[in-house]
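Peer 1: Below you will find the structure I want to go over with you.
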Ligand SMILES: [Zn+2]
């Protein structure tokens, strides 16, 4: 507040104050200008960086995206030739559906078991006894239980066994063969994962060991092969053919027997196809989400009913270390009773089914 010569109180600033205000205003203006300039510089810097990001590293950015695509979606970059080469490496040839099943049966039923015990865990280097014992269940408890059920129904089955499981359970293969109805097929040496070996020589070495071990116990060369983990490497099909197997049972392109083609050529090997819905491992056990095996066997029953209606084949796979428990086995028992109640059901082994399908196709062709 100031007093002028008239004594009038005025709120007008004195010169000094004006000067001071002016200095403050100038200072504020300076700060404002500097701030504005700083903002402008920041904006300019941001724009420069954005442009730099958009323009100069565009090729690197594109390269990174391309690398990521090649890793996560490699097929999107494949040529047409590469796509065709991939699907034709091993493919479904003509179906091998006879005009009639033996004894005028309406449907062929093949019950199979992948009788894995500790082999898959040993393959991974597992030494922990609790985990190993849970797999040992397949040999100690599951297999004897299901053999009793098969014997009671007088039904044959095919068991795919690894060389290692046959070695650590010397009673396993003889117990399966005791009835004289069942077949033993090859399921690898130690349940090796064929695509993971990435070596034809190593895959052949393990396959030869498995064939030698199983042959020494059965007294005959095995007719059937089922890939461990149901997975082929790029060498597996050639090895199946080279070892003279009559059939494979790992592929999944149909529900009926078919010829396996490799690179467009007939391999002469019969496929007895399987399916992830026609096994219990995806539904039961630690990783499964099905609340009751009852639902699982409803699915199996409906699949059988469909095959019966079509006059084709019903191929089931179970694992004694898992499906050999009491509840699933009760349902298997019930399923076998149901199937046996229908007229015209041919219960067979993989070898008999593949042989019949192949011979029938040859006979039809020559007519
Ligand atoms: Zn297996």
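Peer 1: On average, how much area does the Cα convex hull of the range 93-366 cover when viewed from any direction, in nm²?
Peer 2: Taking the Cα atoms of the range 93-366, their convex hull projects to 14.1 nm² on average.
Peer 1: What length, rounded to one decimal in nm, is gained on full extension from residue 103 through to residue 130, with 0.36 nm per residue of separation minus their alpha-carbon distance?
Peer 2: Additional length available on full extension: 4.9 nm.
Peer 1: Apply 1/(1 + (r/R0)^6) to the Cβ-Cβ distance of residue 266 and residue 338, taking R0 = 35 Å, and write down the FRET efficiency to the nearest 0.05.
Peer 2: Once the sixth-power term is evaluated, E becomes 0.40.
Peer 1: Moving on to the next point. Given bins 5 angstrom wide, list per bin the percent of all Cα-Cα distances in the range 278-357, short to long.
Peer 2: 3, 14, 24, 23, 18, 11, 6, 1
Peer 1: Once both labels are modelled 7 Å past Cα along the beta-carbon direction, what's the residue 193-residue 151 spacing in nm?
Peer 2: Calculated label separation equals 3.8 nm.
Peer 1: Report the extension gain between residue 252 and residue 67 in nm, rounded to one decimal, defined as 0.36 nm multiplied by the number of residues separating them, less their alpha carbon distance.
Peer 2: Contour length minus the Cα-Cα distance gives 63.4 nm.
Peer 1: Now a separate question. Using 0.36 nm times the number of residues separating residue 77 and residue 286, minus their current alpha carbon distance, what extension gain do you get?
Peer 2: So the extension gain works out to 71.5 nm.
Peer 1: If packing is taken as the average count of other Cβ atoms within 10 Å, what order do 88-94, 349-355, 161-167 fall into, highest mean first?
Peer 2: 161-167, 349-355, 88-94
Quick note: the coordinates plus some simple rules give every number you see, no bench work behind them. Values in this document were obtained by computation on a predicted structure and should not be read as measured data. Note that we place each Cβ from the backbone using ideal geometry, even for glycine, and neighbour counts take in every protein chain shown.
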